[in-house]
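Inspection log for the structure reproduced underneath, given as structure tokens.
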Amino acid sequence: MKKHHPILNRLYKLYDTYKPQSAATYAYLDEVIGAKFYPEDEILYVPGEIIDQIFFLASGNMVAYNFTDSGDKQVLQIYRENEHVAGQSFTRQIPSTYYLMVCAGSYALHMTRNQLDDVYRKFPETQELGRIRLSMAEEKEVRHKQLLFLPGIQMVETFYKEYPELIEPGKVLRDRDIASYLLLAEGTLRDLRNRLLREGLLKLPAKEGEITLKYG
């Protein structure tokens, strides 16, 4: 049995909430899906390369980013646990326009475009699952755009409640990276986060050995 079989089972349960698949489909996926732990930040693809793998984040984060004309890093998208990572480069097999980086401590399943095409050929019913995945990716883009229209304090609160693993400064992403994603100045992000922490609207994760009390 593959070491990542429990994660595959979690993935299949997630699929079943979208559109249940056959046991034969899952048995085939067992054979073709790979997995990797990333102990350090790692750039997987750079602009101009064709992204030929789809990823499923079992834990951790991945980031799509680019650089502005002035050389500043601009984070375009942040992916988290239980999300698929497959943009236009993968879907259309065209050169990527951004860097794709996996963050240290992440564990991801992966499958090549050729392997996915084989799945679609052998099990045509999985194509509907693929369309659902694409629609979810589009919804994620829409949510990001909607987030940017919120007032600053509300935007920062909403962001950190969706990505609580990023609240601790610098643990996963630097403040300047998150600020670029939210189109905020780094100092503004820090001030708003500190205000939300002081007011109890956000909470830092408990340190090892500490007890976090939950109310309500």
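The values are calculated or read from the model by the stated rules, or taken from the named source; none is laboratory data. These figures come from a predicted structure and were not determined experimentally. Cβ sites come from the backbone with ideal geometry, for glycine too, and all protein chains shown count toward neighbours.
In segment 174-181, is there at least one residue being in contact with a Ser or Thr (Cβ under 8 Å, 6 or more places away or on another chain) and aromatic (Phe, Trp, Tyr)? Outline the logic, then answer.
Taking segment 174-181 and keeping what is in contact with a Ser or Thr (Cβ under 8 Å, 6 or more places away or on another chain), we get 179.
After this cut, where a residue has to be aromatic (Phe, Trp, Tyr) as well, the list is none.
So far as segment 174-181 goes, no, none of its residues is in contact with a Ser or Thr (Cβ under 8 Å, 6 or more places away or on another chain) and aromatic (Phe, Trp, Tyr).
Please specify each residue of segment 67-83 satisfying the condition of being more than 28 Å from Ala35 (Cβ to Cβ) and not aromatic (Phe, Trp, Tyr).
Thr68, Asp69, Ser70, Gly71, Asp72, Lys73, Gln74
Quick check on Asp16: is it in the same structural domain as Ser96 (by TED's automatic domain parsing) and touching a His at 6+ places or on another chain (Cβ under 9 Å)? Give the derivation first.
On the way: in the same structural domain as Ser96 (by TED's automatic domain parsing): yes; touching a His at 6+ places or on another chain (Cβ under 9 Å): no.
When the stated conditions are applied, Asp16 does not pass them.
In segment 73-87, which residues are over 19 Å from Leu11 (Cβ atoms) and either among the basic types (Lys, Arg) or without any contact (Cβ under 8 Å) to a residue 12 or more places away in the chain (or both)?
Listed by number, the list holds a single entry, Lys73.
Determine, yes or no, whether Leu100 is within 30 Å of Gln21 (Cβ to Cβ) and outside any helix (DSSP H, G or I). Give the derivation first.
Numbers: within 30 Å of Gln21 (Cβ to Cβ): yes; outside any helix (DSSP H, G or I): yes.
When the stated conditions are applied, Leu100 passes them.
Of all residues in segment 165-216 being modelled with pLDDT of 95 or more and hydroxyl-bearing (Ser, Thr, Tyr), which is farthest from Glu40 (Cα to Cα)?
Filtering first and then ranking leaves Thr188.
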